[in-house]
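First comes the structure, then the notes that go with it.
The values are calculated or read from the model by the stated rules, or taken from the named source; none is laboratory data. The structure presented is a predicted model; accordingly, all values stated were derived computationally and were not measured. For neighbour counting, all protein chains shown are included, and Cβ atoms are generated from backbone atoms with ideal geometry for every residue, glycine included. With ligands, DNA and RNA removed, areas are computed over all heavy atoms of the protein, side chains included. Shrake-Rupley method; radii C 1.70, N 1.55, O 1.52, S 1.80 Å.
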Amino acid sequence: SLLSETKKSNMSPLTTSDLKTQPRSPCHYSRINDIAFPEGYADVFATCSMNDIRVWNSRTGVELLRINVQGVECYCITFMKDGGSIVSGWSDGKIRAFGPQSGAELYSINDAHQGGVTALACTSDNERLISGGEDGQVRVWKVTKQSRVMIASMKEHKCKSWLLVFVHICCSRWYPPPATVNDIRVRANDSECVSASS
């Protein structure tokens with residue numbers, strides 16, 4: 001038997017009699033940006049990349065679910081602590097939540113950040129979501145079944161180096177872009193979080 005591979009990294013056995021394929025070994029065709037396990041459960045995990053999120057069986061390596069969002073890149077993912085949703089951050093500045101078994105979109109937060117949403121964390125009570133973005137901001141969202149409301153926004157992540165000011169003949173100034181937030185961790189008692197940037 002022969003194996004065929006597509007441009008999107010899907011390998012399939014190819015029968016020579018009828019030239020039909022049966023997908024066997026799918027994988028992301030672009031870099032993997034993040035990986036997440038549900039709280040206290042190691043049998044499945046999720047990965048994210050260009051255009052999609054995939055949920056995998058960690059024992060067998062079998063892809064269980066694929067969530068496609070065309071034309072955007074998923075930068076980060078996390079499972080809510082109760083396992084009821086996969087929350088994801090995207091290059092279009094949106095936060096999207098999906099059902100972990102169905103893949104159905106549960107909600108989205110438009111314009112969560114200017115540029116992409118690059119880091120996510122949630123509190124143990126499943127009532128707050130913390131996001132970080134390319135804009136250097138960290139935001140706290142109150143999440144309920146009916147609504148998602150921003151309750152705090154902080155812009156603490158500046159450029160890696162000190163603020164540079166160039167004075168030209170016309171006295172214009174140049175300020176470097178903010179540092180991208182790339183990780184957020186929440187304290188066990190949900191009272192604080194810490195974020196990192198690059």
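Computed quantities for the displayed model
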{"read-out": "Filter result (touching a residue at least 40 places away in the same chain (Cβ under 8 Å), hydroxyl-bearing (Ser, Thr, Tyr) and surrounded by fewer than 14 Cβ atoms within 10 Å (Cβ to Cβ)) within the stretch 30-81", "value": "Ser30, Tyr41"}
{"read-out": "Subset tally (residues that are open to solvent by 40 Å² or more (accessible area, probe 1.4 Å) and in a strand (DSSP E or B)) for the stretch 82-119", "value": "3"}
{"read-out": "Members of the stretch 137-152 that are touching a His at 6+ places or on another chain (Cβ under 9 Å) and part of a loop (DSSP other than H, G, I, E, B)", "value": "Gln137"}
{"read-out": "Every pair of residues 6+ apart whose Cβ atoms lie under 7 Å, when the first sits in the stretch 94-113 and is of a type in the set (Gly, Ala, Ser) while the second is open to solvent by 30 Å² or more (accessible area, probe 1.4 Å)", "value": "Ala97/Leu106; Gly99/Leu106; Ser108/Lys94; Ala112/Lys94; Ala112/Arg139"}
{"read-out": "Wholly enclosed strands (runs of 3 or more DSSP E) of the stretch 1-69 bearing at least 3 residues at pLDDT 85 or above and touching a Ser or Thr at 6+ places or on another chain (Cβ under 6 Å)", "value": "44-57"}
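For every residue, the table says whether it meets (1) modelled with pLDDT of 95 or more; (2) among the aliphatic types (A, V, I, L, M).
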{"residue": "Asp125", "(1), (2)": "no, no"}
{"residue": "Ser131", "(1), (2)": "yes, no"}
{"residue": "Asp135", "(1), (2)": "no, no"}
{"residue": "Trp141", "(1), (2)": "yes, no"}
{"residue": "Ser147", "(1), (2)": "no, no"}
{"residue": "Ala152", "(1), (2)": "no, yes"}
{"residue": "Ser161", "(1), (2)": "no, no"}
{"residue": "Val167", "(1), (2)": "no, yes"}
{"residue": "Ser172", "(1), (2)": "no, no"}
